[in-house]
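*Asks:* Quick one: the structure is below, questions incoming.
Quick note: the coordinates plus some simple rules give every number you see, no bench work behind them. Everything quoted here is computed from the prediction, not taken from an experiment. Every residue, glycine among them, receives a Cβ derived from its backbone with ideal geometry; neighbour counts consider all protein chains shown.
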């Protein structure tokens with residue numbers, strides 16, 4: 001009896017500290033954000049899991065059809081071969097499949113591809129993802145940096161000929177769909193004017209090229225990524241320019257800029273330290289958000305230029321109904337979007353001391 | 001009647017105040033006429049003419065011919081209707097949902113607010129275009145109405161966030177307080193007091209939702225994931241790609257036709273927003 005009481009006494013303070021710890025955790029801004037992000041990933045994974053499996057024609061049917069139409073097999077032959085090659089148990093109840101998938105996911109296992117038998121999805125994504133990250137990432141940096149410069153320039157030279165040219169081009173190119181620009185690049189540069197060897201530029205690197213930190217390899221990957229990068233830059237630079245221009249114009253009217261001028265600071269210092277810094281703040285948030293769209297927005301462009309990125313992989317897996325691969329790519333994309341949004345939020349409160357979020361104190 | 005003409009004249013004067021916007025507006029009208037009246041004037045050329053494949057531009061074929069010798073101009077004229085219909089319907093659906101969700105969220109608040117915004121958050125997190133590709137396989141968008149509906153219900157979240165923020169700020173204004181003091185009801189407050197103040201924003205958002213719908217639907221058709229039949233600018237583009245016309249130097253007019261049609265339509269929509277902004281927002285008008 002006595003012993004239970006002492007036990008209870010000993011436990012009591014520990015219980016309080018766990019409770020207060022939990023309460024502290026619930027109040028902690030960062031932790032709360034992370035918890036919400038985790039729940040979002042969970043919802044999206046679940047939604048896409050069932051959506052994907054609801055699609056008509058399953059992977060086995062697609063494969064059988066392919067065998068019949070491409071290799072002229074008889075229906076029975078094709079069915080046998082498909083059954084041998086794709087050892088998929090699609091008859092298991094969906095809830096069981098879902099449970100298995102989630103257990104695998106917790107262990108960091110994305111499953112194995114149906115079509116490339118035995119290949120782990122993680123390895124496939126690791127093979128295709130770098131190309132997308134490379135091509136879209138480089139273009140994002142180029143168009144962000146160039147857009148900031150052009151935007152500031154046209155804000156300073158408002159109503160000049162250069163400003164009108166820049167603004168017109170920006171609004172034209174940011175409203176034309178990027179795949180149309182891509183098609184026109186192929187048609188004009190590759191076919192009509194024959195400036196570029198369009199068929200050699202396909203893929204993400206030349207066959208027989210060994211990856212490594214050599215000049216030859218770097219030249220080669222830029223040769224293959226040149227058209228996708230040009231397309232991304234052409235179609236996104238306009239919105240950065242326009243955003244930077246309006247942001248700069250707004251900043252130029254601020255009192256602290258007038259004060260800085262009155263103090264006789266040099267023009268260069270005002271531009272970099274006062275105007276540029278403050279005007280670019282909102283753009284950094286958008287930059288972080290656009291990082292989330294790196295992976296998701298590349299499907300059409302990679303299709304046009306036959307670039308071996310994750311968008312191409314997604315398209316292939318959808319047409320062959322390779323569920324685990326589709327699921328894996330969705331997970332990766334969702335993950336980058338959520339991560340990018342978190343980054344945008346933290347970046348904003350870090351860069352701008354005026355916006356220290358309530359919970360950050 | 002006189003009042004009508006006066007109103008029309010005022011509207012036109014306001015529209016034409018911004019030159020770029022007015023040109024965009026005229027082009028939008030041109031595309032509407034081309035796609036909805038044009039088909040009654042120009043018959044669709046369906047006959048295969050093997051001796052006229054990729055014929056150059058001529059009086060008979062002002063935009064040349066396609067891979068089976070059919071007149072490209074007639075396909076451009078007939079190919080706009082579906083694109084414009086889907087764009088408008090999808091834009092309208094997403095704007096209506098956004099307005100309802102955004103204002104309900106802001107005015108009721110509490111659990112409803114966090115529920116709606118959570119839903120918006122989740123939809124924004126799912127990668128849109130890949131999701132559309134999956135849905136295209138799932139639902140077989142062979143009907144333009146289904147396509148428009150899906151595009152509409154996927155694209156309201158970001159707009160509804162913006163509307164929620166605007167309603168939150170507008171409802172603190174004096175005139176809304178006054179309406180509430182007079183007990184005019186939530187419906188009256190939303191429709192008569194708050195919405196007119198957001199008219200320009202809504203009109204511009206509708207147009208941007210339309211351009212997004214054009215992007216998504218043509219993209220899906222181009223990838224061959226939407227089995228739309230008949231003439232459609234997206235289908236023209238897809239056929240030009242799969243039939244290898246892209247790599248055939250003489251086929252340039254055939255490829256340029258749908259590309260220019262889609263690009264010009266997008267551009268004119270975006271430019272038209274400039275006029276709309278001025279028309280609805282008297283503060284932007286100068287010297288009218």
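*Asks:* Can you give the calculated 222 nm mean residue ellipticity of the protein assembly as shown, where each DSSP H run of n ≥ 4 adds -39,500 (n - 2.57) and the sum is split over every residue, rounded to the nearest 500 deg cm²/dmol? Walk me through the numbers on the way to the answer.
*Replies:* Numbers: 26 runs with 455 residues, N = 649.
Calculated at 222 nm, the ellipticity per residue is -23500 deg cm²/dmol.
*Asks:* What does the structure give for A:180-193 when I average, per residue, the other chain Cβ atoms found within 10 Å of the residue Cβ? Can you show the working numbers first?
*Replies:* Values: counts 11, 2, 0, 9, 5, 0, 4, 11, 3, 0, 2, 8, 4, 1.
Taking the mean over all residues of the peptide, I get 4.
*Asks:* Roughly how tilted is helix B:128-139, in degrees to the nearest 10 and between 0 and 90, from the longest Cα axis of chain B?
*Replies:* So the helix axis and the longest Cα principal axis differ by about 70 degrees.
*Asks:* Counting only other chains, what is the mean number of Cβ atoms within 10 angstrom of the Cβ of each residue in peptide B:130-139? Spell out each step's value before the answer.
*Replies:* On the way: counts 15, 7, 1, 6, 9, 3, 2, 10, 6, 3.
Other-chain Cβ atoms within 10 Å of each residue's Cβ, averaged: 6.
*Asks:* With a ≥ b ≥ c taken as the square roots of the eigenvalues of the C-alpha gyration tensor of chain B, please select rounded if a/c is under 1.5 and otherwise prolate if a/b is larger than b/c or oblate if it is not?
*Replies:* oblate
*Asks:* Listed highest first by mean packing, meaning other Cβ atoms within 10 Å per residue, what order do B:25-34, B:46-55, A:124-133 come in? Numbers along the way, then the final one.
*Replies:* On the way: B:25-34: 16.8, B:46-55: 13.3, A:124-133: 19.2.
My ranking of the peptides, most packed first, is A:124-133, B:25-34, B:46-55.
*Asks:* Right, here's the next one. Restricting the calculation to Cα positions, tell me the Rg (one decimal) and the Dmax (whole number) of segment B:78-162 in Å.
*Replies:* Cα only, segment B:78-162: 14.3, 50 Å (Rg, Dmax).
*Asks:* To continue, here is another question. Taking the Cα atoms only, what angle lies between the long axis of helix B:19-36 and the longest principal axis of chain B, rounded to 10 degrees?
*Replies:* Tilt relative to chain B: about 60 degrees.
*Asks:* Sticking with this one: Compute a Gaussian network model of chain A, connecting alpha carbons closer than 10 Å, and tell me which residue from A:136, A:259, A:325 fluctuates the most.
*Replies:* Of A:136, A:259, A:325, the Gaussian network model singles out A:259 as fluctuating most.
*Asks:* If you bin every alpha carbon distance in segment A:121-360 into 10 Å steps from zero, what whole percent lands in each bin?
*Replies:* 7, 25, 30, 23, 12, 3, 0
*Asks:* Hey, another quick one. Give me the angle, in degrees from 0 to 90, between the Cα long axis of helix B:144-154 and the longest principal axis of the Cα atoms of chain B, rounded to the nearest 10.
*Replies:* 40 degrees
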